[in-house]
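Asks: If you scroll down you'll find the structure; I have some questions about it.
The values are calculated or read from the model by the stated rules, or taken from the named source; none is laboratory data. What you see is a predicted model; the values in this text were computed from it and never measured. No Cβ is skipped: glycine too gets one built from the backbone with ideal geometry, and neighbour counts run over all protein chains shown. To get the accessible areas, we keep the full protein, side chains included, count just its heavy atoms, and leave off ligands, DNA and RNA. Shrake-Rupley method; radii C 1.70, N 1.55, O 1.52, S 1.80 Å.
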Amino acid sequence: MRKNVAPQLGLVSQIVDHPHARELARISEVLDKLPQAAKLVVQDLAIGTGASNAGRGGMSGEQVLRAVVLKQMHEWSYADLAFHLADSSTFRTFCRIGMCEREPKKSALAANIKRVKPETLEQVNRLIVGRA
């Protein structure tokens with residue numbers, strides 16, 4: 001079964017003093033105040049999957065939502081997104097991927113992000129606009 005909340009980060013995240021890092025921190029604050037947004041994503045991720053304790057736990061709804069934000073924000077391909085999550089402590093921190101945790105591969109990112117329905121992203125957008 002998928003978790004709604006990402007596990008605690010493995011190491012202390014590094015704070016980078018850069019305009020883009022500050023922008024991501026502000027976006028992160030908004031998403032932190034809207035936990036129902038990640039719950040909506042979890043519902044889409046759970047469709048068609050059985051409850052199983054076998055295998056790796058997979059990405060949380062929060063991680064997938066934040067990966068969607070990065071992908072859309074930068075107009076990245078799944079390969080680019082995978083690279084930046086592997087390479088950047090700022091992007092890993094934003095997506096709640098601990099420094100000791102394996103980064104998601106391109107195929108895992110694509111499979112998870114494609115499961116999120118456009119209607120769900122529309123609901124998330126409404127939540128964010130309502131919060132603003």
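Asks: Any residue at all in the stretch 24-34 that's of a type in the set (Ser, Thr, Tyr), within 21 Å of Arg131 (Cβ to Cβ) and either modelled with pLDDT under 90 or under 14 Å from the mean Cα position of the chain (by Cα) (or both)?
Replies: yes
Asks: Of all residues in the stretch 75-98, how many are closer than 19 Å to Leu31 by Cα, open to solvent by 30 Å² or more (accessible area, probe 1.4 Å) and in contact with a Phe, Trp or Tyr (Cβ under 7 Å, 6 or more places away or on another chain)?
Replies: 0
Asks: To continue, here is another question. Can you tell me which residues in the stretch 113-122 are under 15 Å from Gln36 (Cβ atoms) and crowded, with 16+ Cβ neighbours inside 10 Å?
Replies: Val116, Thr120, Leu121 - these are the residues of the stretch 113-122 that are under 15 Å from Gln36 (Cβ atoms) and crowded, with 16+ Cβ neighbours inside 10 Å.
Asks: Let me ask something else. What number of residues within the stretch 85-106 are part of a helix (DSSP H, G or I) and either in contact (Cβ under 8 Å) with a residue 24 or more places away in the chain or within 16 Å of Leu65 (Cα to Cα) (or both)?
Replies: 8
Asks: Within the stretch 91-107, can you find the residues that are under 13 Å from the mean Cα position of the chain (by Cα) and of a type outside the set (Lys, Arg)?
Replies: Phe91, Thr93, Phe94, Cys95, Ile97, Gly98, Glu103, Pro104
Asks: Could I ask something else about it? Quick one: Gln72 ticks every box in (1) at pLDDT 95 or above; (2) buried (at least 18 other Cβ atoms within 10 Å of the Cβ) bar one, so which box is it?
Replies: In the conditions (1) at pLDDT 95 or above; (2) buried (at least 18 other Cβ atoms within 10 Å of the Cβ), Gln72 misses (2) alone.
Asks: Does Ala110 count as within 20 Å of Asp44 (Cβ to Cβ), surrounded by fewer than 18 Cβ atoms within 10 Å (Cβ to Cβ), within 14 Å of the chain's Cα centre (by Cα) and touching a residue at least 24 places away in the same chain (Cβ under 8 Å)?
Replies: It is true that Ala110 is within 20 Å of Asp44 (Cβ to Cβ), surrounded by fewer than 18 Cβ atoms within 10 Å (Cβ to Cβ), within 14 Å of the chain's Cα centre (by Cα) and touching a residue at least 24 places away in the same chain (Cβ under 8 Å).
Asks: Taking Val64 as the residue in question, decide whether it is open to solvent by less than 80 Å² (accessible area, probe 1.4 Å) and either of a type in the set (S, T, N, Q) or over 19 Å from Val16 (Cα atoms) (or both).
Replies: In short, yes.
Asks: Regarding Gly98, is this residue at positive phi and modelled with pLDDT under 95?
Replies: Answer is no for this residue.
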